[in-house]
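What follows is one structure encoded as structure tokens, with my remarks underneath.
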Amino acid sequence: MTRKERYQQVLSYFQQNMPVAETELMYDNPYQLLVSVILSAQCTDKRVNLTTPAIFNQYPTPQLLAQASFEELFPLIKSISYPNNKTKHLIGMANMLVNTFNGQVPMTVDELVQLPGVGRKTANVITSVIDAQPNMAVDTHVFRVAARLGLTIKATTPLAAEKQLIQYIPKELVHIAHHWLILHGRYTCLARNPKCDSCALQTMCAYFQKQQKKQPKA
Ligand code: SF4
């Protein structure tokens, strides 16, 4: 199977079987998504979703969050990973939104990465989820699943994986392909014990085919 064929088969499977794929983070507007994505670093979406209602209730706008003190915000965040840094990042991010971006979440990767707590992955998530831009956010699930399937080859960094993926995935599918790979990694292609026996992608998976070849013949 050529690499192009592998991409076509994988994408076609997801198009048919997962036509709707969205972030599991709960949000009502770009500001809320930005807060959620910053909080989601090294933390599950489930836990973030338990944390954000109180934050959005108390700080419904960037202007109000910008005025929060560390002592006020920290208790709302303390149950998730890296609460110290995330508290500082959220207040810094809100201040920059207000002072530099007129209180609006910018919609380019170059602008977003200027915000405290926002790296390339977060910027790609925001622009692809809110604006369907063809930006591939490579998190641990995307990185692992793409490598196992053989969509990426010898990609040693998220950026290298991102470049390979956007080279082959049609522009209009990049934003949803991100969710396909994440959800497949979260529920089927698990890090330690991938559920290959029940995985519908076996026939197009480089890892599965390699494992099959290793099995002793009966
Ligand atoms: S066959 Fe196994 S390794 Fe391949 S995508 Fe499915 S779960 Fe992952």
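Values as computed for the structure displayed
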quantity: Net charge dipole size for the stretch 30-131 [Lys, Arg +1 and Asp, Glu -1 on Cβ; Debye, nearest 20]; calculated: 320 debye
quantity: Sites residue 12 and residue 101, calculated FRET efficiency, Cβ-Cβ separation with R0 41 Å, nearest 0.05; calculated: 0.55
quantity: Neighbour-limited loop hits for trypsin sites (Lys or Arg not before Pro), the stretch 1-89 (at most 16 other Cβ within 10 Å; DSSP other than H, G, I, E, B); calculated: 78
quantity: For the stretch 62-179, radius of gyration divided by Kirkwood radius, i.e. Rg to Rh on alpha-carbons; calculated: 1.05
quantity: Linear extension gain, residue 167 paired with residue 2, 0.36 nm per residue minus alpha-carbon span; calculated: 57.9 nm
quantity: Charge tally in the Cβ shell below 14 Å around residue 125, where Lys, Arg are +1 and Asp, Glu are -1, residue 125 excluded; calculated: -4
quantity: Residue-averaged [θ]222 nm for the chain, counting only DSSP H segments that reach four residues, each worth -39500 (n - 2.57); calculated: -18500 deg cm²/dmol
quantity: Tally of Lys pairs whose C-alpha atoms are under 19 Å apart, taken over the stretch 92-218, 8 or more apart or cross-chain; calculated: 8
quantity: Relative contact order of the stretch 30-131, defined on C-alpha pairs under 8 angstrom at six or more residues apart (%); calculated: 30 percent
quantity: Principal-axis tilt of helix 45-58 within the chain, Cα atoms, nearest 10 degrees; calculated: 20 degrees
quantity: The chain: projected area of the alpha-carbon convex hull, averaged over directions, in nm²; calculated: 13.0 nm²
quantity: Alpha-carbon centroids, the stretch 33-88 and the stretch 158-194: separation in whole Å; calculated: 27 Å
quantity: Over the stretch 1-123, volume per residue of the alpha carbon convex hull, in Å³; calculated: 126 Å³
quantity: Highest-first arrangement of 150-157, 37-44, where packing means the average Cβ count within 10 Å; calculated: 37-44, 150-157
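Where a number appears in this text, it was derived from the coordinates with a stated rule and is not lab data. Every value quoted in this text rests on a predicted model; they were computed, and no experiment measured them. We place every Cβ from the backbone using ideal geometry, glycine too, and count neighbours over all the protein chains shown.
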